[in-house]
Amino acid sequence: MVKTRFAPSPTGHLHIGGARTALFNYLFSKHNNGIFVLRIEDTDLERSKDEYTQDILEGLKWLGIFWDEGPFFQRERMDLYRAHAIRLLENGLAYRCYCTPEELEEKRKAAIKEGKKVAYDRTCRDLKEQKPKKPYAIRFKTPKSGQVTFNDIIRGQITFNCEELDDLIILRSDGTPTYNFTVVVDDALMGITHIIRGDDHINNTPRQILIYEALGYKVPEFAHVPLIHGKDKTRLSKRHGATSLLEYRNEGFLPEALLNYLARLGWAYGDQEIFSKEELIEKFDINHVGKSPAIFDMDKLKWLNSHYIKTSQDSRIADLLEAFLLKAGVKIDNREKLIPIVKNLKDRAKTLKEMAQMAEFFFNDDVHYEEKAKEKYLTYETKKILEDFLDGFVSLKENDEAGQKLLIENIVKETGKKTVDVVQPIRVALSGKTASPGIFEVINILGKKSVEKRIKKAIESIC
Ligand code: GLU
């Protein structure tokens, strides 16, 4: 039975790269009818924060990545790690190290000065006598020679010489365990069969394999996924835009757009770009994840987002749009306007936030005119057009689009102006902008009363 896990440290928001790692693990396990585990690696007591754990859980749920087991918290499993460290100690596969932080720091500095590799010099490895009263850390006895080889599913065969590895601390003198140790104990006890993670962990892998072997546990399969880069080919960071998953939600992206985008970020499947979650589960193949870093492309993400906005149910988008409008401080006087607004804007807005910005004017009769729009279209010359329009409009019935068209045609004829020159002042009067959905759509979404109010206000604003 395939079992994968996502094992984030709650020392920051759920990063877009972390979300992709979680997704690959999820898809791989679901594709193989396996189990997906969530484990929070919170042994760094100082840097781990509950708010980040919440952010991770919320982000995964938002994306629709549901775990079958967990969340497990390493903080609650400390006894297990200690017991395993003692087991290694008793079997002679680990040793007590009495070197103080000051001594280690001095050795480090000296090594740097002499141009040597910074590695623990194994002072305590073969001590004849122990020092009962002195505090100690427990170090793993890394073999001094030999090689560690593993077959990475993505990278192929990788070999490390043991000489390159030093005797790492597995339990600090304050009793807290270190990452390379806890990760092995947990992955082994939880029965994880495949470790899919960022390739920044490749260098940790030989150390972990040696620990598996020392503990007598089966070594799992590894798949190290290349990191995500920005367009400038450097590791994706804040400089490139938002890196936290939930920031994308707050910017008005739909979860299925992110899920679809992240799945294809590094994983190739011919030319197909649009995938539902079910399709991803069916088609995802870890063997087709590339070796080189994937480039984060915002335009493509926006393209996918607009695809999902266009193809979602109007009522769902309306609910989401409402939340964005409320967040922007817009008072929703009439919820019934939301559906026609969505119908109107879903082909134009790339994000929900953008849609909310486009939709804002529908909800406030006290129109705010964009400066340039007012200057050009609310002038002494156009006042007459607005007055004529209002005159005719008051006697039309609600939603009489044919009547509205005739009215505009008549004004065009009477004034000898082009249609656009008649429509634009009306558009600015109603929306404050020079670009908006079709004028008749705007008129009919606003309704008769609101249109009259707005045209009157525009006329009054012209002195
Ligand atoms: N807690 C580690 C991290 O967030 C997990 C690495 C791993 O998957 O082994 O980087």
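Where a number appears in this text, it was derived from the coordinates with a stated rule and is not lab data. Nothing here was measured: the structure is a model prediction, and the numbers come from that model. Here Cβ is always computed from backbone atoms with ideal geometry, including for glycine, and neighbour counts include all displayed protein chains.
From helices alone, the chain scores -14500 deg cm²/dmol at 222 nm; the rule is -39500 (n - 2.57) for each run of n ≥ 4 DSSP H residues, then divide by the residue total.
Most tightly packed first, judged by the mean number of other beta-carbon atoms within 10 Å of their residues, the peptides 391-402, 359-370 read 359-370, 391-402.
Local charge sum around LYS231 (other residues, Cβ-Cβ under 15 Å, Lys/Arg +1, Asp/Glu -1)? That sum, taken over residues with Cβ under 15 Å, equals +3. Of the Cα atoms belonging to the chain, the radius of gyration and Dmax stand at 31.7, 109 Å.
Each other residue within a Cβ distance under 13 Å of ILE462 adds +1 if Lys or Arg and -1 if Asp or Glu, for a net charge of +2. Applying a 4.7 Å cutoff between beta carbons, the unpaired cysteines of the chain are CYS99, CYS162, CYS463. Here ARG249, ARG75 are placed in order of increasing Cβ neighbour count within 10 Å, fewest first, which gives ARG75, ARG249.
Give the aspartates and glutamates reachable from LYS353 as a straight Cα distance under 14 Å; neighbours fewer than 8 places away on the same chain don't count. Counting by Cα, and skipping residues close in sequence, LYS353 has these aspartates and glutamates nearby: GLU247, GLU251, ASP319, GLU322. Relative to one another, the C-alpha centroids of the range 385-442 and the range 364-383 are positioned 14 Å apart.
The distance separating the Cα centre of the range 308-335 from that of the range 111-137 comes to 63 Å. Straight-line cross-link reach from LYS350 at under 16 Å between alpha-carbon atoms covers these lysines, not counting any fewer than eight positions away in the same chain: LYS300, LYS302, LYS310. Among residues other than PHE66 with Cβ under 12 Å from its Cβ, the summed charge is +1 (Lys and Arg +1, Asp and Glu -1).
Look at the alpha carbon pairs under 8 Å that are at least 6 residues apart: their mean separation over the length of the range 71-173 gives a relative contact order of 28 percent.
Exceedance of the 18 Å cut-off in Cα-Cα distance is limited, within the set LYS327/LYS457; LYS30/LYS283; LYS384/LYS417, to LYS327/LYS457.
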